[in-house]
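Asker: Quick one: structure below, then a few questions.
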Amino acid sequence: MKRLRSTCLAVLIGVLMMLLCCDQLPLHTCGKVGEESLKRSYLSFFEGNRDEYVRRYSSFPDTLKAKMKDMAKEMFYFGYDNYMKYAFPEDELNPIDCEGRGPDVLNPSNININDVLGNYSLTLIDTLDTLLVLGNVTEFQRAVKLVIDNVSFDKDSTVQVFEANIRILGSLISSHILLTDPKHPFGEVGYEGYDNELLHLAHDLAVRLLPAFENTSTGIPYPRVNLKTGVPPDSINETCTAGAGSLLVEFGILSRLIGDSTFEWVARRAVRALWSLRSNETGLLGNVINIQTGQWVGKQSGLGAGMDSFYEYLLKSYILFGEKEDHGMFQAAYESIQNHMRRGRESCNEGEGDPPLYVNVNMASGEIMNTWIDSLQAFFPGLQVLNGDVDNAICLHAFYYAIWKRFGALPERYNWQLQAPDVLFYPLRPELVESTYLLYQVTLLTSLRKMPKCGYATLHHVVDKSKEDRMESFFLSETCKYLYLLFDEDNPLHKSDNKYIFTTEGHVVPIDKRFREKQWRDMFPCEDGVLKESEPNHRPPPSNISNCNRIPEERRYALPLKSVYMRQIDHMVGLF
């Protein structure tokens, strides 16, 4: 999807949120919106308006935008340079002690660390395409050479298949594509002597992940593999829906790049297996499943942890590969989400009642299971934008931003009934910034900058702001990337004729006709449990319909969310 530089959406979202450091900026209107007389007629409604929300949310001068762009770049390099100085070739930087971190070999059960860290220079690999987004071709080429010269996956490391896929495999594939792209969106980034080494590394890693798909009765993969020996003998038979069902983008691109259907086949088989096990009553899936029996161990259905990227990859797989089946599954899933998880008034920006909210429900009955939501759910407004449901995206994004305004970060879990965090830490997650970028404008930049001496640390407690000595790789790969892109309107991702999409780890992938062509026949001829075009819930994708037309014209030149509803959301999270 081209990066939302169209005039109508830019003005619609425009200045959706207040930058944390600029409460008192004067009213400043967006430029280049087309018909000047139409713009003036709507903006005149706000002239002299002292409404607090109009005053605070309607301003973003170009000088401030340039300043924020520089701040985002400085933030990235502060974390990146210190990782390279104190931590490389280890996986992560401990930003308080200024030292590197690798797998916890003394405690193999410490999956919080060992699921992610594989002793393969994780942060450097995960950061490769961010260097290009920031325009640093020289450092990108140096980093690629460091990866080629130093990284091997022949390691006695047991890692989570999902994390290795999105962080490592996805970045290697993205960087290889950008290195070899004949359209040169970032300039001449290739260098003499590059011989597809990143693609070879990606292939090698994917082969080492394949044992996860073997010896399972359902085709749903084991959650972890040892990169040397395969599935550990004591491996559990339970995995989460997102972990098993969010492999298709990276595995599918790899298959289509090298002409080997194996990787896409196993990933697509897992998605189909999960889909076939959804509830007959609600159409919802649970969050944890037994890969041998196909029984749901966790019956909670929501948009956050354990489920988030499953929905994301159904839509993004369709965008990349053009498989109608993927689109059909996504639309059916989205309809079930709207029917059973969404609470509040029918319309985001009209009518009476509580603000819309997506809650955790029982997959079989649709009944609310608890009163908390988690920070990973903040990705969903961005997915709604990709799906064209901009109105609902605005409301949900405003809700999460209100939580951020209250705490200066997103708590890992927030209890919407108690108006208080249930789980207090914040590991610098990118989901809210990602949705903000897809909604085009605003940042959380100034809050994130208040971090320790040689990097950016996880917030252990969003209230007292105590810190944990860890900087996860996604901070540089995603959070900084989306923050920078918010303010760099001239970035090649925005100006190029190419169209791009981001993986769930924020890696840049072009929408390329190569990925819509297969060198093999269809792998699943009409299996049971898979949505067919003839089924009632299947709706073909719309053609030539702009998301702009979904928004009333006057709101393209004013606040996207009416002040009364913005105030209501602030009350909802206890801001005042």
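The values are calculated or read from the model by the stated rules, or taken from the named source; none is laboratory data. Fair warning: this is a prediction, and the values are worked out from it, not measured in the lab. Don't worry about glycine lacking a Cβ; one is built from the backbone with ideal geometry, like all the others, and counts go over all protein chains shown. Just the protein is used for accessible areas: all its heavy atoms, side chains included, with ligands, DNA and RNA removed. Shrake-Rupley method; radii C 1.70, N 1.55, O 1.52, S 1.80 Å.
Asker: State yes or no: is THR158 surrounded by 19 or more Cβ atoms within 10 Å (Cβ to Cβ), on the phi < 0 side of the Ramachandran plot, modelled with pLDDT of 95 or more and touching a strand residue (DSSP E or B) at 6+ places or on another chain (Cβ under 7 Å)? Walk me through it before giving the result.
Answerer: On the way: surrounded by 19 or more Cβ atoms within 10 Å (Cβ to Cβ): yes; on the phi < 0 side of the Ramachandran plot: yes; modelled with pLDDT of 95 or more: yes; touching a strand residue (DSSP E or B) at 6+ places or on another chain (Cβ under 7 Å): yes.
Answer is yes for this residue.
Asker: So, of the residues in segment 362-387 that are farther than 23 Å from SER435 by Cβ and either β-branched (Val, Ile, Thr) or in contact with a Leu (Cβ under 6 Å, 6 or more places away or on another chain) (or both), which turns out to be least open to solvent (accessible area, probe 1.4 Å)?
Answerer: MET363
Asker: Something else now. Pairs please, first residue from segment 90-119 and without any contact (Cβ under 8 Å) to a residue 60 or more places away in the chain and charged (D, E, K, R), second anywhere and surrounded by fewer than 17 Cβ atoms within 10 Å (Cβ to Cβ) and assigned to a strand (DSSP E or B), Cβ atoms under 9 Å, 6+ apart in sequence or on different chains.
Answerer: As it stands, the answer is GLU90/GLU99, since those pairs meet every condition given.
Asker: Quick check on GLU489: is it of a type in the set (Asp, Glu) and open to solvent by less than 10 Å² (accessible area, probe 1.4 Å)? I'd like the intermediate steps shown before the answer.
Answerer: Numbers: of a type in the set (Asp, Glu): yes; open to solvent by less than 10 Å² (accessible area, probe 1.4 Å): no.
So GLU489 fails the test.
Asker: May I pose another question? Just to be sure before I move on: is GLN141 modelled with pLDDT of 95 or more, open to solvent by less than 50 Å² (accessible area, probe 1.4 Å) and under 25 Å from VAL225 (Cβ atoms) in the structure I sent? It would help to see each step written out before you state the result.
Answerer: Numbers: modelled with pLDDT of 95 or more: yes; open to solvent by less than 50 Å² (accessible area, probe 1.4 Å): yes; under 25 Å from VAL225 (Cβ atoms): no.
Judged against the criteria, GLN141 is not a match.
Asker: Report yes if HIS176 is outside any loop (DSSP other than H, G, I, E, B), of a type outside the set (A, V, I, L, M, F, W, C) and open to solvent by 50 Å² or more (accessible area, probe 1.4 Å), otherwise no. Please lay out each step first, then the result.
Answerer: On the way: outside any loop (DSSP other than H, G, I, E, B): yes; of a type outside the set (A, V, I, L, M, F, W, C): yes; open to solvent by 50 Å² or more (accessible area, probe 1.4 Å): no.
In short, no.
Asker: So in segment 72-98, with the set limited to residues that are assigned to a helix (DSSP H, G or I) and under 22 Å from the mean Cα position of the chain (by Cα), which one is farthest from ALA143 (Cα to Cα)? Steps first, answer last, please.
Answerer: Just the residues of segment 72-98 that are assigned to a helix (DSSP H, G or I), to begin with: 72-86.
Going one step further and asking which of them are under 22 Å from the mean Cα position of the chain (by Cα), we end up with 72-73, 75-77, 79-80.
Numbers: ALA72: 20, LYS73: 17, MET75: 19, PHE76: 15, TYR77: 14, GLY79: 15, TYR80: 11 Å.
Checking each candidate, the answer is ALA72.
Asker: Of everything in segment 120-134, what is part of a loop (DSSP other than H, G, I, E, B) and either under 16 Å from GLY506 (Cα atoms) or in contact (Cβ under 8 Å) with a residue 60 or more places away in the chain (or both)? Give them in sequence order. Steps first, answer last, please.
Answerer: To start, the set of residues in segment 120-134 that are part of a loop (DSSP other than H, G, I, E, B) comprises 120-121, 134.
Within segment 120-134, LEU134 is the sole residue that qualifies.
Asker: I'm trying to understand the selection: among the residues of segment 291-314, which are touching a Ser or Thr at 6+ places or on another chain (Cβ under 7 Å), aliphatic (A, V, I, L, M) and either closer than 23 Å to ARG343 by Cα or open to solvent by 20 Å² or more (accessible area, probe 1.4 Å) (or both)?
Answerer: Correct list: MET307 only.
Asker: Now a separate question. Among the helices (runs of 4 or more DSSP H) contained in segment 337-439, which hold 3 or more residues that are touching a residue at least 60 places away in the same chain (Cβ under 8 Å) and more than 17 Å from the chain's Cα centre (by Cα)? Before the answer, list the steps.
Answerer: Numbers: elements: 380-386, 390-407, 431-438.
Once the helices (runs of 4 or more DSSP H) in segment 337-439 are filtered for at least 3 residues that are touching a residue at least 60 places away in the same chain (Cβ under 8 Å) and more than 17 Å from the chain's Cα centre (by Cα), what remains is 390-407.
Asker: Looking at segment 85-108, is at least one residue under 23 Å from SER466 (Cα atoms), among the polar types (S, T, N, Q) and open to solvent by 50 Å² or more (accessible area, probe 1.4 Å)?
Answerer: no
Asker: While we're here: Can you find a residue that is assigned to a loop (DSSP other than H, G, I, E, B), touching a Phe, Trp or Tyr at 6+ places or on another chain (Cβ under 6 Å) and crowded, with 24+ Cβ neighbours inside 10 Å anywhere in segment 232-247?
Answerer: Within segment 232-247, the subset assigned to a loop (DSSP other than H, G, I, E, B) is 232-237, 246-247.
This time we only want the ones that are touching a Phe, Trp or Tyr at 6+ places or on another chain (Cβ under 6 Å), so: 235, 246.
After this cut, where a residue has to be crowded, with 24+ Cβ neighbours inside 10 Å as well, the list is 246.
Yes, segment 232-247 has at least one match.
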